[in-house]
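Chemist: I have a structure here, written as structure tokens, and I will follow up with some questions on it.
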Amino acid sequence: MIVLPTGIRETILERARDGTPEEICGVLGGEYDPDGRSRVASQYPAGNVADDPRTRYEIDPEQQLEIFNRLEDRGEAIVGFYHSHPRGPARPSATDAANATWPDRSYVIVSLEPLEIGSWRWRTGGDGADAPGDRFEREQVVVE
């Protein structure tokens with residue numbers, strides 16, 4: 001389960017609407033629990049540097065490092081990441097699964113058509129990348 005404060009949810013939705021037709025992305029900070037309930041305390045927008053930002057997202061690596069340093073300075077953990085699907089469902093695409101690299105972290109996805117927020121945890125099935133059993137597991141989103 002991921003707990004997402006109403007204000008952060010609304011900020012992410014507004015960014016997704018303003019960013020359309022491109023996918024927006026960012027990092028979520030707060031209290032991280034690999035097996036249970038993570039709580040978001042902050043969101044950090046990031047630039048989408050994907051070759052085709054209308055259908056993919058890639059967080060700018062330098063900006064991602066800066067965000068990670070800010071999280072560490074604030075005593076927050078990396079809860080996960082978020083991005084939008086302006087014309088797709090609020091579930092991971094095959095590309096999202098192929099590019100997932102943070103085990104047990106939440107990947108929050110905003111769909112604009114229809115308007116929906118879903119969250120998924122990346123679970124690894126073994127040693128190394130692309131091991132058998134790597135998958136996204138849907139998790140409950142609790143808005144407070």
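The values are calculated or read from the model by the stated rules, or taken from the named source; none is laboratory data. None of the values given here were measured: they were computed from a predicted structure. Using ideal geometry, Cβ is built from the backbone for each residue, glycine included, and neighbour counts are taken over all protein chains shown. Heads up: the accessible areas ignore ligands, DNA and RNA and are worked out on the full protein's heavy atoms, side chains in. Shrake-Rupley method; radii C 1.70, N 1.55, O 1.52, S 1.80 Å.
Chemist: Kindly provide the set of residues from segment 89-118 that are of a type in the set (Gly, Ala, Ser) and surrounded by 18 or more Cβ atoms within 10 Å (Cβ to Cβ), ordered by number.
Modeler: Once the filter is applied, which keeps residues that are of a type in the set (Gly, Ala, Ser) and surrounded by 18 or more Cβ atoms within 10 Å (Cβ to Cβ), segment 89-118 yields Ala90, Ala100, Ser106, Ser111, Gly118.
Chemist: Here's something else I'd like to know. May I ask you to list the residues in segment 21-46 that are loosely packed, with under 15 Cβ neighbours inside 10 Å, assigned to a loop (DSSP other than H, G, I, E, B) and modelled with pLDDT of 95 or more?
Modeler: Pro21
Chemist: Does Ile67 qualify as being in contact (Cβ under 8 Å) with a residue 12 or more places away in the chain, open to solvent by less than 20 Å² (accessible area, probe 1.4 Å), out of contact with any Ser or Thr (no Cβ under 9 Å at 6 or more places or on another chain) and over 17 Å from Thr6 (Cα atoms)?
Modeler: Judged against the criteria, Ile67 is a match.
Chemist: Which numbered condition in (1) out of contact with any Ser or Thr (no Cβ under 7 Å at 6 or more places or on another chain); (2) closer than 18 Å to Ala100 by Cα is the only one that Arg56 fails?
Modeler: It fails just one condition, (1).
Chemist: Check whether at least one residue in segment 111-132 is closer than 23 Å to Val49 by Cβ, modelled with pLDDT of 90 or more and not aromatic (Phe, Trp, Tyr), and report yes or no.
Modeler: Yes, segment 111-132 contains a residue that is closer than 23 Å to Val49 by Cβ, modelled with pLDDT of 90 or more and not aromatic (Phe, Trp, Tyr).
Chemist: Would you say Gly36 is without any contact (Cβ under 8 Å) to a residue 60 or more places away in the chain and under 16 Å from Pro21 (Cβ atoms)?
Modeler: Answer is no for this residue.
Chemist: State the number of residues belonging to segment 2-57 that are closer than 11 Å to Val108 by Cβ and of a type in the set (Val, Ile, Thr).
Modeler: Total satisfying the criteria: 5.
Chemist: Return a yes/no flag: does segment 62-74 have any residue that is under 22 Å from Gln140 (Cα atoms), of a type outside the set (A, V, I, L, M) and modelled with pLDDT of 95 or more.
Modeler: No, every residue in segment 62-74 fails to be under 22 Å from Gln140 (Cα atoms), of a type outside the set (A, V, I, L, M) and modelled with pLDDT of 95 or more.
Chemist: Another question, then. Could you tell me which residue of segment 75-88 is most open to solvent (accessible area, probe 1.4 Å), considering only residues that are out of contact with any Ser or Thr (no Cβ under 6 Å at 6 or more places or on another chain) and at pLDDT below 95?
Modeler: It comes out as Arg87.
Chemist: Determine whether Glu113 is among the charged types (D, E, K, R) and free of Cβ contacts under 8 Å to residues at least 40 places away in the same chain.
Modeler: Taking the combined requirement at face value, the residue satisfies it.
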